[in-house]
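A short worksheet on the structure shown next.
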Amino acid sequence: MDNPKRELFEQTIVPHMNAAYNLARWLTNRDVAEDLVQEAYLRAFRFFDSFDGRDGKAWVLAVVRNTCFTWLGRGSRAPVVGFDEQIHRADGEHVNAETRLIADAKIGALRDCVQSLPAEYREVVVMRELEEMSYRQIAETTGVPIGTVMSRLSRGRVRLLDCMEGKR
Amino acid sequence: MTCTTALGLVEPYLDGELDASQNAEVAGHLSECESCATVWQRLRALSDDLHTPALRYEASESLRNRVLESVRHADGTGRPSRMNWLALAATMLLAVSVGWNVMFLERSRNADGEVAQEIVSSHVRSLIGEHLLDIPSTDQHNVKPWFNGKLDFSPDVRDFAAQGFPLIGGRVDYIDHRPVAALVYKRRQHVVNLFVWPSASAASVPGSVTGFHLLSWNQDGMDYCAVSDLNEDELRQFVNLYR
């Protein structure tokens, strides 16, 4: 007989695993993203009682994000200044490998530009543009006010446009 | 609508965050103002480009299965029985009566304790297989001497296998700019890291991180901090045993 708690978890939280992996992958690197998602899901399950039942995606992404930043050794806050050597070294290698498979050079350029964003901008860009989350959802996930979400998103976009301009 | 207002609203407009009347106003301005329309077009083109599925990483089938598997496993073994609750109540009464100064912080208020953050980071790294054990041993008589020469203090190493918290080993870790002993215990599939170091001050470790429980105390000139994703009550049981 299945436990109703687990059934509910599988219905409300498990379906967001693509979003969870996407966020973890953009925040960390290929080598650890799967382990971090698994760890985050276990934590989410143990703390499932604290889920208010409203927005499973925002809730589980908050756990994923926290797990990622904890792994990165920075607590729950995104770093203010950007370029993380470790992330870039790890990712630079296989972004090249991955982009080789992609015919469209523009996608490779976009990927590089998003990856080069400071984490606090990168995460909101990923949540808004790739995950199509609302400002409210992003605010809930990141634990910052909506105004901060908007300004980070806006700055992230300016940097992306500049970065893409530079690659033209 | 002025250009300043329009440019302030162009991103919420792009992101579908405006109400109908604001939408109409921004659209009206963009149809009349060439310079704002240029900004809008660049942003929209960027947004369109980013929407390509090629930029979105997808979870593999094997990850999905791993997660389902581990959640089922956690579910099967993770729930305390009625007896445990009684034991727990007794433990908590004891805790109150002895008047321990145990700090429990369940969910993130403010992660203002850098030490707590370091401890949790160290714990998480140990979980994902980076560095769990330097000395894998279930024998306290192996683990204790192993620390000699590696640390300038000698942690009290005890095994609680009989009580359901078997010692699985130890390692030297680095917290708050100094080497510390990490004693590693298991509770079912959960790992408990117990960090031990000589007291630098009377203060115990403050702070917390969502998803983890930290219990810290000070005893005989040493600071202790137990961290785990175990539920609070079981972690408290562990601390009770150790103290």
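To the nearest whole number, what is the average tally of beta carbon atoms from other chains within 10 Å of the beta carbons of peptide A:32-40? List each step's numbers first, then the result.
Values: counts 4, 3, 7, 6, 3, 5, 8, 7, 2.
Across A:32-40, the average partner-chain Cβ count within 10 Å equals 5.
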**OP:** Measure off 7 Å from each Cα along the Cα-to-Cβ vector at B:D139 and B:S35, then give the distance between these two points in nanometres to one decimal.
**Re:** 8.1
Original post:
What nm value, rounded to one decimal, do you get for the distance between A:E132 and A:V158 when each label is placed 7 Å out toward the C-beta?
Top reply: 2.9
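Any idea what the relative contact order of segment B:3-50 is, in percent, if you count C-alpha pairs under 8 Å spaced at least 6 apart? Write down the numbers at each step before the final one.
Numbers: 21 pairs, mean separation 19.4, N = 48.
About 40 percent, as a whole number.
What relative contact order, as a whole-number percentage, does segment B:133-242 give when Cα pairs under 8 Å and 6 or more residues apart are counted?
Numbers: 205 pairs, mean separation 21.0, N = 110.
So the answer I get is 19 percent.
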**OP:** Take peptides B:36-46, A:21-31, A:148-158 and line them up by average Cβ neighbours within 10 Å, highest first, as a rough protection proxy.
**Re:** A:21-31, A:148-158, B:36-46
Original post:
What does a probe at A:K167 reach in segment B:16-52, counting residues whose amide N is under 15 Å from the point 7 Å along Cα→Cβ?
Top reply: B:46-52
Original post:
log10 I(q)/I(0), Debye, Cα-only segment B:133-242, no solvent, q = 0.11, 0.15, 0.16, 0.17 Å⁻¹?
Top reply: -0.31, -0.60, -0.68, -0.78
Subject >> trypsin sites (Lys or Arg not before Pro) within segment B:131-173: DSSP coil, no more than 14 neighbouring Cβ in 10 Å >> reply: B:K150, B:R158
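Divide the volume of the convex hull of the Cα atoms of segment A:1-76 by its number of residues and quote the answer in cubic angstrom per residue.
Details: hull volume 6.5 nm³, N = 76.
So the per-residue Cα hull volume is 85 Å³.
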Original post:
If you take the beta carbon distance between B:E69 and B:F153 as r and set R0 to 60 Å, what does 1/(1 + (r/R0)^6) give as a FRET efficiency, to the nearest 0.05?
Top reply: 0.90
Subject >> All aspartates and glutamates inside 16 Å of A:K5 as judged from Cα atoms, apart from same-chain residues fewer than 8 positions distant >> reply: A:D49, A:D52, B:E69, B:D75
**OP:** Send over the Kirkwood Rh of segment A:95-168, from the inverse of the averaged 1/r over different Cα pairs, rounded to one decimal Å.
**Re:** 12.9
Original post:
In straight Cα distance, which aspartates and glutamates are under 14 Å from B:K144, not counting same-chain residues fewer than 8 positions off?
Top reply: B:D134, B:D152, B:D156, B:D159
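What FRET efficiency do you get for B:Q163 and A:L8 if R0 is 41 Å and r is their Cβ-Cβ distance, rounded to the nearest 0.05?
The computed FRET efficiency comes out at 0.80.
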Subject >> Candidate lysines - alpha carbon under 21 Å from A:K106, same-chain residues fewer than 8 apart omitted >> reply: A:K167
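Read the figures in this text as sums done on the coordinates, not as results from a lab. This is a predicted model, so every value here is computed, not measured. Counting neighbours? That spans all protein chains shown, and the Cβs are built from the backbone with ideal geometry, glycine included.
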